[in-house]
Amino acid sequence: MKKIAILTNGGDAPGLNAVIRAIVKTAENNGIECYGYIEGYRGLLDNNYVKLDSSGNASGILNKGGTIIGTSNNTNVFNLKTVNENGEVEYKDFSDKCVQNIKDAGFECLFTLGGDGTQKSSRDFSRKGVNCIGIPKTIDNDVAATDITFGYNTAVSVATEALDRLHTTAEAHHRIMVLEVMGRYAGWITLESAIAGGADCALIPEIPYDINKVIDKINRRKAKGKQFSVIVVSEGAREKDGEMSIKRTFDEGKGLDNVRLGGAGEKLAGRLEEMTGIASRATVLGYVQRGGTPSAYDRVLSTKYGVKAVELAMKGIFNVLVSYKHGEMTYVPLDDVVGKDSVVGAASSKNRTIEMDDPLIHVARQIGICLGD
């Protein structure tokens, strides 16, 4: 193996640069040249790439947030939205052009750093003869077949710090403070930050909540002399028989999440103030969770992922996702990550959500955190 390429796709996450650094260093130590496609699958389509060098552009990036080679979260090259000469919108498959770009450049393996959508395209490229190795990236921690994704620990740490700060103002003003965090269809950030930050309620997508259960928890605290409450709510949480709070919808084609969530925190705070008479305020943490410096844990985890990915490539093990299971780095087929459907360009059919027998659920209940059920 002489030449490999990396792309980072989807939303940015702390640790992307640490993975890039680990891949580049490991490759160089084994006589392999490393390149990076600019702005994810968009760069692959445009054939836009740069050589990565641990003594140059890939130096000093271990603690840097974002990604030095950019990313794209609206480019599904298998079903890309285009406008024809008549001004009409069409969806076209440009994947063969991407495959030819990889072959022409002489890249023997493509490392895809991203979440379930990124890995779905990676699996589809593998079916077209491209040697792909996926590395799971998302702060939501919802990529199937791995215990933890890089970026998640940093996001939880940021959310926990926010809860620490909200506690003081909640207590000072006798308010209900609601913190809305990311997570979409999985409540990992919500639940773990609630435990770490001493929240009173954690409302997650996996458990549609009963607003009266939340109010009961607030009233029980008042009866014990606690004149404030702190609640963490996932952006994808919803009331029983209710819908997720959708801010905007898009039409970017199959294989992309065309829904932008927003408003779950404000909605909950408004309902609680109306029903309890207690002043309630919502804070939306938003992109703060996935920007900035990665935690020490994520730096180490990202480095492990990068090293393992190159080692797999050198052994000729392709079309897999590097996976962290039971404390060890291993790998699983990409089909196990995104589902085995044969519809090229469609969305991934798998997400790792919280099961009701998960230890975090048990711990939260045991220490009195209300889950809204």
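Computed from Cα positions, the angle between helix 188-197 and the longest principal axis of the chain comes to roughly 50 degrees.
Near Tyr209, the amide H atoms lying under 5 Å from its own belong to Arg238, Glu239, Lys240; only residues 5 or more places off or on other chains count, and H is placed 1.01 Å from N. Across Tyr305, Tyr287, Tyr185, mean-square fluctuation computed from a Gaussian network of the chain (C-alpha pairs under 10 Å connected) peaks at Tyr287.
Of all lysines in the structure, the ones whose alpha carbon falls short of 21 Å from that of Lys213, not counting any fewer than 8 places away in one chain, are Lys222, Lys224, Lys226, Lys240, Lys267. Here the range 174-291 is assigned +1 on the Cβ of each Lys and Arg and -1 on the Cβ of each Asp and Glu. Its dipole about the Cα centre then comes out at about 460 debye. Think of each Lys and Arg Cβ as +1 and each Asp and Glu Cβ as -1; about the Cα centre, that makes the dipole of the range 178-247 roughly 400 debye. Of all the options Thr138, Thr75, Thr249, the one that moves most in a Gaussian network model of the chain with Cα springs shorter than 10 angstrom is Thr249. Note on the chain: with a GNM built from Cα contacts shorter than 10 Å, the maximum mean-square fluctuation among Lys224, Lys97, Lys64 falls on Lys224.
The base-10 log of I(q)/I(0) for the range 135-205, evaluated at q = 0.18, 0.24 Å⁻¹, reads -0.66, -1.02 [Debye formula, identical scatterers on Cα atoms, solvent excluded].
Where Rh denotes the Kirkwood radius from the mean inverse Cα pair distance, what is Rg over Rh for the chain?
Here the Rg-to-Rh quotient is 1.02.
Remark: the chain carries a charge dipole of roughly 620 debye about the Cα centre, counting +1 on each Lys and Arg Cβ and -1 on each Asp and Glu Cβ. Applying a 4.7 Å Cβ-Cβ cutoff to the chain leaves Cys34, Cys98, Cys109, Cys132 as cysteine residues with no disulfide-compatible partner. Note on Lys137: aspartates and glutamates with a C-alpha under 13 Å away, same-chain residues under 8 apart excluded, are Asp12, Asp116, Asp147, Asp298.
Determine the calculated [θ] at 222 nm for the chain from helices alone, applying -39500 (n - 2.57) to every DSSP H run no shorter than 4 residues and normalising by the residue count; nearest 500 deg cm²/dmol.
Numbers: 11 runs with 133 residues, N = 373.
Counting only the DSSP helices, I get -11000 deg cm²/dmol.
Dipole of the chain (Lys/Arg Cβ +1, Asp/Glu Cβ -1, origin at the Cα centre): which of Asn131, Pro294, Ile204 lies farthest to the positive side? Going by the Cα projections, it comes out as Pro294. Comparing Cα centroids, the range 54-71 and the range 310-329 end up 22 angstrom apart.
The Cβ shell under 14 Å around Asn30 holds other residues with a net charge of +1, Lys and Arg each +1, Asp and Glu each -1. Remark: spin-label model distance Glu85-Ala105 equals 3.0 nm, labels positioned 7 Å along the Cα→Cβ axis.
Which Cα, out of Leu80, Ser95, Tyr35, lies furthest along the positive dipole direction of the range 23-99 (beta carbon charges, K/R +1, D/E -1)? Selected residue: Tyr35.
Coordinate-derived values only; no laboratory data. All values reported here derive from a predicted model rather than from experimental measurement. Positions of Cβ are backbone-derived with ideal geometry, glycine not excepted, and every protein chain shown enters the neighbour counts.
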